[in-house]
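Contents: one structure, followed by commentary.
The values are calculated or read from the model by the stated rules, or taken from the named source; none is laboratory data. Everything numeric here is computed off the predicted structure, so don't read it as measured data. Cβ coordinates were reconstructed from backbone atoms using ideal geometry, including for glycine residues, and neighbour counts include every protein chain displayed.
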Ligand SMILES: Nc1ncnc2c1ncn2[C@@H]1O[C@H](COP(=O)(O)OP(=O)(O)OP(=O)(O)O)[C@@H](O)[C@H]1O
Ligand SMILES: O=P(O)(O)OC[C@H]1O[C@H](OP(=O)(O)OP(=O)(O)O)[C@H](O)[C@@H]1O
């Protein structure tokens, strides 16, 4: 059983926005499996011939699967990876899922400078990233962990600000919020389990090279 698993390469794909982008990129380098769909109720999809297993995972759990070796490699947004603080290798920037982490506040309650928000409440899905950012600015904050619709926080009086990702800026605009501090760029990354990277080095490094070539081709 253990020997058999050794031959397989297990890939964790996140449900949600990155799923089909990741699936399509893997398909371009020949990493495919029948019936690999985001909504599949079968959560492990195997291609026996290619010795591949795809795990369909909840976004925030991908770094956990990879850190523990339940998956050899995985695809995850840099934002979630920064927040998860897991001991994994980050192998490649896959270029899609581009967005950035930032702090935003209600337009009509904007304070003169960033440090004027010290000791206020910040609603976020990313408390670790937020804390690192505010600590680097010498600011102590109260963190309120949310799981979605973060922009609601200041509207309903739960917090004075948010830390979240922005892509087009539409959600901020539609909720009368304004970005006041940039925190970090994010995009999808290929990550690997540390032991798998050594034990399956040939296979993983060939995959990384193939993906790099594919991404370079797409950028030309
Ligand atoms: N506009 C965007 N909104 C959300 N995520 C984006 C956006 N643009 C790029 N991304 C990237 O896509 C990743 C996955 O987003 P998605 O909304 O599918 O996950 P999630 O919100 O964590 O999942 P869930 O809905 O299960 O909580 C993000 O972590 C981020 O890296
Ligand atoms: O700048 P925009 O293009 O408007 O995108 C940013 C929005 O997208 C994400 O939410 P998501 O769609 O993942 O829903 P969620 O609020 O449930 O996390 C993020 O949390 C913002 O709310």
Is it true that some residue in the range 111-129 is assigned to a helix (DSSP H, G or I), within 22 Å of the chain's Cα centre (by Cα), within 16 Å of ligand 1 (Cβ to nearest atom) and surrounded by 15 or more Cβ atoms within 10 Å (Cβ to Cβ)?
-> yes
Name the pairs: first residue in the range 105-131 and over 20 Å from residue 152 (Cα atoms), second residue within 16 Å of ligand 1 (Cβ to nearest atom) and part of a strand (DSSP E or B), Cβ to Cβ under 6 Å, at least 6 apart or on different chains?
-> none
When every residue in the range 170-189 that is surrounded by fewer than 13 Cβ atoms within 10 Å (Cβ to Cβ) and over 29 Å from residue 11 (Cβ atoms) is compared, the one farthest from ligand 1 (Cβ to nearest atom) is 182
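Okay, residues lined up against (1) touching a strand residue (DSSP E or B) at 6+ places or on another chain (Cβ under 8 Å); (2) more than 13 Å from ligand 2 (Cβ to nearest atom); (3) in contact (Cβ under 8 Å) with a residue 40 or more places away in the chain; (4) not in a strand (DSSP E or B):
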{"residue": "139", "(1), (2), (3), (4)": "no, yes, no, yes"}
{"residue": "148", "(1), (2), (3), (4)": "no, no, no, yes"}
{"residue": "165", "(1), (2), (3), (4)": "yes, no, yes, no"}
{"residue": "208", "(1), (2), (3), (4)": "yes, yes, yes, yes"}
Tell me, please, whether a residue that is at pLDDT below 95 and either surrounded by 16 or more Cβ atoms within 10 Å (Cβ to Cβ) or more than 14 Å from the chain's Cα centre (by Cα) (or both) can be found in the range 61-76.
-> no
Quick check: anything in the range 25-41 buried (at least 17 other Cβ atoms within 10 Å of the Cβ) and within 16 Å of ligand 2 (Cβ to nearest atom)?
-> no
Pair list, Cβ < 9 Å and 6+ apart or interchain, from the range 55-80 residues that are under 22 Å from residue 127 (Cβ atoms) to residues that are within 16 Å of ligand 2 (Cβ to nearest atom) and at pLDDT below 95 | none
Hey, among 85, 132, which residue is in the same structural domain as residue 51 (by TED's automatic domain parsing), modelled with pLDDT of 95 or more and either within 16 Å of ligand 2 (Cβ to nearest atom) or farther than 30 Å from residue 220 by Cα (or both)?
-> 85
What pairs come up if the first residue lies in the range 12-23 and is in contact (Cβ under 8 Å) with a residue 40 or more places away in the chain, the second is more than 12 Å from ligand 2 (Cβ to nearest atom) and in a loop (DSSP other than H, G, I, E, B), and their beta carbons are under 7 Å apart, counting only those six or more places apart or on different chains?
-> 12/71; 15/38; 15/58; 21/96
